[in-house]
Amino acid sequence: MPTKIFAKLTPLLQILSVLILSVSVNAAIPLTTEEQRWLAKGDPIKVGVAIIPPYLSNKGGGDTVEGMSLDYLKLIEVSLGVEFQYQVFKSYGAMMEAAKQHSIDVVFAASNTEERRDYLDFTQVYSHLANKIFTQKGRYQQAEMSDFTGKQFAVPRGTALVGYIRTNYPGIELVQVDDLGEAFNLLSAGQIEGVGSYASAGYLYSVLEGIDNISIVGSVGYDYHISFASRNDQPLLGVLLEKALSAVSIEQKAEIERRWVQPEDTQRIDKETYVSAIILLGFVLAIAGLLIVVFWNRSLKREVLYRQEIQKEVSFLAYHDELTGAYNRQFLIETLSEYTRLAFSNDRSTCVILLGLDNFSLINEFHGQKIGDYVLRRMSKRLNSRLSGDAVLSRTGGDEFTVLLRQANNQVVLSHLADLLIAEISSPIAYGDQSFSLTATAGISIQTEELSEPLRLLEQADLALHEAKRKNRGGYLFYALEMSDKLQEREQLANALSRALRTEQFYLDFQPQVALDTGEVVGFEALARWQHPDQGNIRPDKFIALAEQEGLIVTLGDRVLRLACEQGREWLDQGLEFQRIAVNVSVKQFIETDYVSKVLNTLEQTGFPPSKLELELTESVFMGDRDLAKETMDKLTRQGICFAIDDFGTGFSSLLYLKELPVSKLKLDQGFIRGITKDHSSLQIVKASLQMGHALSMDVIAEGVETIEEQGLLTDLHCQQAQGYLFSRPLKSQLITADKIAQIERNVRLVTEA
């Protein structure tokens, strides 16, 4: 009877909890006129939901769904003054497929991946799930993902975990399931070798569902950092979701965490059922009942021990970063809130040092996540060794550590500590026979006034870090008021860049490339240009760097390739003759697993001949897996595409990779060309590069040629090709005609004869 009464009351209590949370929401979030107009249209906002037990979303009473994510969505509804239309899907994969087709507007519990950014915009992260490796008990003491090569390993269908394992462990035979209950049943029956899942789900299916022969033996290496995501063809919806989620207070977040994440809530157990069963069995056969009681007590002890282990792990993960053992962002935010409420003065104030590892992504990209994780663990231990006992070290991002401390408002002391931490990061780290050296940049903020929003201090340190990376990489900067204006400008530009890539604001200019001996125009380099509707033309160095930082460089590179091929096809149809169009390729583009198919599909769809496409790579591409780079280049070379090394001499030049890889052209950086008539060192570098290219039967092209003297010297050194303002500035595509090419060729011949 008590169980039935509680079952009836539970939905009411949950509704009451959500209402209490909703009342405390700041509904009056600031909205622009455009945002208000968009909401006023009244179009239904369709939210996709999948059942992800035990706490992100669960079956409630009847056909309802409850959970942490639903609590957040209810608060967002109140803030925006709307009522969402919820659509429950049978699986997470089905929900993500609907999002891809734009048949729903919003999805929950979505990890921000590069593939999904093609069709979704993401809010800030609102929860974290650490993925564990589950196996049958006794099969492994400890395990890593590489141990499952050639074996069956189950993961939920359509999740980011699928892409991670396929990319990093292609030898694992993936079994995709619609729900984790199916996965754990297969594991319990010995039909698969392992399951990838978060710890709380493992507890749900192993203890509450009666599966008692599985255990956690390691970490998958990929954790879910989940957000709400909205269709990217409705950018205002993403902005509104972000604003509403940001309006959720720390107290409200804590209430939701207490309701859903704490171990005691996810580990409810119906003891009445056990007691009733024992009494019933006692009436049937007293002796058998006694044996059952003894057996039950033993099982309960094992269950309690297992529960304690899970509780301990869940409690630890609630406030610690699983990879490094440092505190996590949640703990930092709560501690920061406590610190900023304390009295502050010149003698005692709250200070934040935010450390960003420079170019850390290159380690993951070129050496693998396993080595990257090892480097992060070592960094965490090193930094902790340099901090006093009252300092709090947190890992607050993939490549960021935050130090929170209470001390005197003394910039000299903080500067010394920042120098010490940066120097510690810069010390080499050994891994087997390899050694890695990193640099770090820091942003520092100090509380100088009462703060109604403690996160403001962290935001100020983040502003200082961004400015330091721009002005003083490898050093540090203290927060200054004017940095806020610059960040706002950058964020506006980043949002504009994302919108521009979905519209027609990008176009190409083309710079002619000429043969120095004949004066013939042999090809063109495609150069990306951005025509902003309000700011006009944005400098390429500005928006390309921004695209790198915002994770949009692959999208931009794909757009440039398509535009170049379309224009090339149009010129050929007009009867224009040329040898090649050169297109720059970023490192992130080149290392994508589907890069070859992307290029070939673009050529097929545009009808542009592969033999007329030249892809320009920088030397940093060859820092990583050279065999993989060679395989990619060989596949494209067999189709007639050729490769050039851009900015040759500025990176990691090596005769070895030039000898091994199918490179047909070297492009000398303009920094060397501009100095060859005056600087002896530049001249010697150019001579050596030309000799190297000739010895390997490669063409050499010099960029940035601006004077007759530079051209004459390059001709004497037998440089085959050149481009630069001396011959032609970059031109709009419509200006490139047969007459224009003939004019450029006449000018080159006149200069040559002179």
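The values are calculated or read from the model by the stated rules, or taken from the named source; none is laboratory data. Everything quoted here is computed from the prediction, not taken from an experiment. Counting neighbours? That spans all protein chains shown, and the Cβs are built from the backbone with ideal geometry, glycine included.
When you scan region 159-167, do you find a residue that is more than 23 Å from the chain's Cα centre (by Cα) and not assigned by TED's automatic domain parsing to the domain that holds Glu242, even just one? Within region 159-167, not a single residue is more than 23 Å from the chain's Cα centre (by Cα) and not assigned by TED's automatic domain parsing to the domain that holds Glu242.
Among the candidates Leu323, Leu376, Leu354, which residue alone is touching a strand residue (DSSP E or B) at 6+ places or on another chain (Cβ under 9 Å), in a strand (DSSP E or B) and within 25 Å of Val125 (Cβ to Cβ)?
Of the residues listed, the single one that is touching a strand residue (DSSP E or B) at 6+ places or on another chain (Cβ under 9 Å), in a strand (DSSP E or B) and within 25 Å of Val125 (Cβ to Cβ) is Leu354.
Remark: pairs (first residue in region 69-89, in the same structural domain as Ile29 (by TED's automatic domain parsing); second residue of a type in the set (D, E, K, R) and in a loop (DSSP other than H, G, I, E, B); Cβ separation under 7 Å; 6+ apart in sequence or on different chains) = Glu77/Glu83. Does region 120-129 include one or more residues that are without any contact (Cβ under 8 Å) to a residue 40 or more places away in the chain, surrounded by 15 or more Cβ atoms within 10 Å (Cβ to Cβ) and of a type in the set (A, V, I, L, M, F, W, C)? Within region 120-129, not a single residue is without any contact (Cβ under 8 Å) to a residue 40 or more places away in the chain, surrounded by 15 or more Cβ atoms within 10 Å (Cβ to Cβ) and of a type in the set (A, V, I, L, M, F, W, C). The residues listed here are Arg166, Arg117; of these, the one that is surrounded by fewer than 16 Cβ atoms within 10 Å (Cβ to Cβ) and in a helix (DSSP H, G or I) is Arg166. Given the criteria assigned to a strand (DSSP E or B), in contact with a strand residue (DSSP E or B) (Cβ under 7 Å, 6 or more places away or on another chain), touching a residue at least 40 places away in the same chain (Cβ under 8 Å) and among the small types (Gly, Ala, Ser), does Ala98 qualify? Answer is no for this residue.
Close Cβ contacts (under 7 Å, 6 or more residues apart or on different chains) running from residues in region 510-538 that are touching a residue at least 12 places away in the same chain (Cβ under 8 Å) and assigned by TED's automatic domain parsing to the domain that holds Gln734 to residues that are hydroxyl-bearing (Ser, Thr, Tyr) and part of a loop (DSSP other than H, G, I, E, B) comprise Gln511/Ser728; Pro512/Ser728.
Arg395: part of a strand (DSSP E or B) and either in contact (Cβ under 8 Å) with a residue 12 or more places away in the chain or outside the structural domain of Ala440 (by TED's automatic domain parsing) (or both), yes or no? Taking the combined requirement at face value, the residue satisfies it. Restricting the search to region 335-373, which residues are within 31 Å of the chain's Cα centre (by Cα) and of a type in the set (Lys, Arg)? Within region 335-373, Lys370 is the sole residue that qualifies. Checking each residue in region 179-199 for being hydrophobic (A, V, I, L, M, F, W, C), within 20 Å of Asp147 (Cβ to Cβ) and part of a helix (DSSP H, G or I) picks out Ala183, Phe184, Leu186, Leu187, Ala199. For Leu405, indicate whether it is in contact with a Cys (Cβ under 6 Å, 6 or more places away or on another chain), under 24 Å from Glu334 (Cα atoms) and not in a loop (DSSP other than H, G, I, E, B). Considered against the rule, which asks whether it is in contact with a Cys (Cβ under 6 Å, 6 or more places away or on another chain), under 24 Å from Glu334 (Cα atoms) and not in a loop (DSSP other than H, G, I, E, B), Leu405 comes out as yes. Reported count of residues in region 342-362, each being modelled with pLDDT under 85 and among the charged types (D, E, K, R), is 2. Taken over region 468-511, the criterion of being surrounded by 12 or more Cβ atoms within 10 Å (Cβ to Cβ), charged (D, E, K, R) and in a helix (DSSP H, G or I) is satisfied by Lys469, Arg470, Lys486, Arg490, Arg499.
All conditions but one from (1) at pLDDT 85 or above; (2) more than 30 Å from Arg749 (Cα to Cα) apply to Ala545; the one that does not is (1). When we screen Gly93, Gly150 for residues that are in contact with a Ser or Thr (Cβ under 9 Å, 6 or more places away or on another chain) and either of a type outside the set (Asp, Glu) or not assigned by TED's automatic domain parsing to the domain that holds Asp233 (or both), the only hit is Gly93.
Scanning region 128-141 turns up at least one residue that is within 14 Å of Ser227 (Cα to Cα) and at pLDDT below 90.
Hey, does region 704-716 have a residue that's under 12 Å from Gln511 (Cβ atoms) and in contact (Cβ under 8 Å) with a residue 60 or more places away in the chain? Scanning region 704-716 turns up no residue that is under 12 Å from Gln511 (Cβ atoms) and in contact (Cβ under 8 Å) with a residue 60 or more places away in the chain.
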